[in-house]
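The values are calculated or read from the model by the stated rules, or taken from the named source; none is laboratory data. This is a predicted model, so every value here is computed, not measured. Cβ sites come from the backbone with ideal geometry, for glycine too, and all protein chains shown count toward neighbours. Note: accessible area is taken over every heavy atom of the protein model, side chains too, but ligands, DNA and RNA are not part of it. Shrake-Rupley method; radii C 1.70, N 1.55, O 1.52, S 1.80 Å.
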Amino acid sequence: QVQLVESGGGLVQAGDSLRLSCAASGRTISDNAMGWFRQAPGKEREFVATINRSSDSTYYADSVKGRFTISRDNAKNTVYLQMNSLKPEDTAVYYCGADLTGWGSTSQGRYTYWGQGTQDTVSS
């Protein structure tokens, strides 16, 4: 059974930083591209960041470029999302996903496995 478990969400103030973790079991993340998506209440889930299988390429949504960094620690089978200079509009449930093609994608349909999500709330 493949599972992804996000953690690290919480309540912070605008300008603060937060690091999300996504721990995988049942499959090694080094075989996959990994991605982060987020969904605010009443809104569609949107792309945030992705890192390819070999970790030599990353891609970010325009809204988070320069503030968020996706990375992975294959030895720990964990992918991270470092979020700096947080804004109230970053408030959402954040989900990690595994893309078995290894390329990464901005489309959630390309991700086979998903975590349960972790809530990030940024107050003004």
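The table below lists the values:
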| read-out | value |
| --- | --- |
| Filter result for the condition that a residue is hydroxyl-bearing (S, T, Y), touching a helix residue (DSSP H, G or I) at 6+ places or on another chain (Cβ under 9 Å), within 19 Å of V2 (Cα to Cα) and open to solvent by less than 60 Å² (accessible area, probe 1.4 Å), over S25, S30, S55 | S30 |
| Members of region 38-81 that are touching a residue at least 60 places away in the same chain (Cβ under 8 Å) and among the aromatic types (F, W, Y) | F47, Y80 |
| Residue count, region 72-105 (criterion: open to solvent by 50 Å² or more (accessible area, probe 1.4 Å) and either farther than 17 Å from G115 by Cβ or assigned to a strand (DSSP E or B) (or both)) | 10 |
| In region 1-22, residue farthest from N74 (Cα to Cα) [restricted to those that are surrounded by 13 or more Cβ atoms within 10 Å (Cβ to Cβ) and among the hydroxyl-bearing types (S, T, Y)] | S7 |
| Region 33-51 - residue that is over 13 Å from the mean Cα position of the chain (by Cα) and not basic (K, R) and, of those, surrounded by the fewest Cβ atoms within 10 Å (Cβ to Cβ) | G42 |
| Residue in region 36-43 that is under 15 Å from T112 (Cα atoms) and touching a strand residue (DSSP E or B) at 6+ places or on another chain (Cβ under 6 Å) present | yes |
